[in-house]
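The values are calculated or read from the model by the stated rules, or taken from the named source; none is laboratory data. The shown structure was predicted, so the numbers you read here are calculated from the model rather than taken from an experiment. Methodologically, a virtual Cβ is constructed for each residue, glycine included, from the backbone with ideal geometry; neighbour enumeration extends over all protein chains shown. Just the protein is used for accessible areas: all its heavy atoms, side chains included, with ligands, DNA and RNA removed. Shrake-Rupley method; radii C 1.70, N 1.55, O 1.52, S 1.80 Å.
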Amino acid sequence: MISKKGEEKLDELREELLKFGRYVQTLYSKSKVAFIERNEHHARDVLYSTSIIDTFQLNIERKVVIVGGTLILTGKNLRFVTMAAKLADEMMHIGKQCLMISKYSMELLKEPPIGFYNSMTKISTLVDEMINNSVKNINSLSIGIAEQMCSKFNKVYSLLESIEKEITETMVQNPAISPQGVKLINLLKIFGIIASASMSLTECSVFIETGEYYRCTGSEFFKIDS
């Protein structure tokens, strides 16, 4: 039986994780606008957020140590505290990738656009939906949402391959656009990294809630037999 004070410490850790998740959501939204709409203001705003990302992660790590060292935990509470640092690490990873999106966006502002607007918008929107759903699942798990995320994850990687191929073929035909093309390909890889981190967040959330391991393979989200 956890004391009232112990429950309050667990709630504080949950709230800090949710705050971090919502902050990362906002960062991604701004970096997406910076890239798609060539918005320098949003790009700079995201680039100034490095210290905030680091502070969130450090605060969560401290809370994990305090809670884990002072409370005797079992079941879901134990799983939550055990996985909290990993959740924070994945959020930090997404935040750092948002910084990279904004960095490339600033560089692309100096050069004329070379197209691929619809394709890049589509993939960035899918990743946006994945981040939002992963944060929802931390707050209130839905296996249905997790399954939808897995399907989106598969779509993201299919799009990554097709868009990269299209950009590469265009660069071969028109070498003058290679600097912009290379940056777009690097951005595609970043979107893939964020999608992977979002999927990992949801896999952690499912484990915390159910005590069972689920993985997204292909477009299927299934339980791994232990």
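For the reader, a short list of remarks on this structure follows.
- 0 to 90° range, to nearest 10: angle between helix 178-210 axis and the chain longest Cα axis: 20
- Label point at Lys76 placed 7 Å out along Cα→Cβ; residues across region 170-207 whose backbone nitrogen lies under 14 Å: 205-207
- In summary, the convex hull built on the alpha carbon positions of region 1-124 has an orientation-averaged projected area of 8.5 nm².
- Against the chain, whose longest principal axis is taken from its Cα atoms, helix 143-173 shows a tilt of about 20°.
- When all protein chains stay in place and ligands, DNA and RNA are ignored, the 1.4 Å accessible-area order of Glu209, Glu220, largest first, is Glu220, Glu209.
- Sites Lys86 and Lys110, calculated FRET efficiency, Cβ-Cβ separation with R0 41 Å, nearest 0.05: 0.60
- Over the C-alpha atoms of region 123-226, the Rg to Rh ratio, Rh being the Kirkwood estimate, stands at 1.11.
- For a 4.7 Å threshold on C-beta separation, the list of partnerless cysteines in the chain reads Cys98, Cys204.
- Ellipsoid equivalent to the chain - semi-axes via the Cα gyration tensor, in Å: 36, 21, 11
- Solvent-accessible surface of region 4-223, taken per residue with a 1.4 Å probe and all protein chains present: 48 Å².
- As computed over region 63-177, the Cα convex hull volume per residue (Å³): 125
- Calculated over region 44-84: convex hull of Cα atoms, volume per residue (Å³): 56
- The distance linking region 153-182 with region 43-58 is 30 Å (Cα centroid to Cα centroid, whole angstrom).
- Maximal additional length on extending the Glu15-Tyr48 stretch stands at 9.5 nm, based on 0.36 nm per residue less the C-alpha distance.
- Potential lengthening between Ser162 and Thr55 on full extension [0.36 nm per residue; Cα-Cα distance subtracted]: 34.8 nm
- Given charges at beta-carbon only (K, R positive; D, E negative), |dipole| of region 4-223 in Debye: 280
- Calculated from backbone phi, Karplus (6.51, -1.76, 1.60) coupling profile of region 9-23 in Hz, x at Gly/Pro: 5, 5, 5, 4, 5, 4, 5, 5, 5, 5, 4, 5, x, 5, 5
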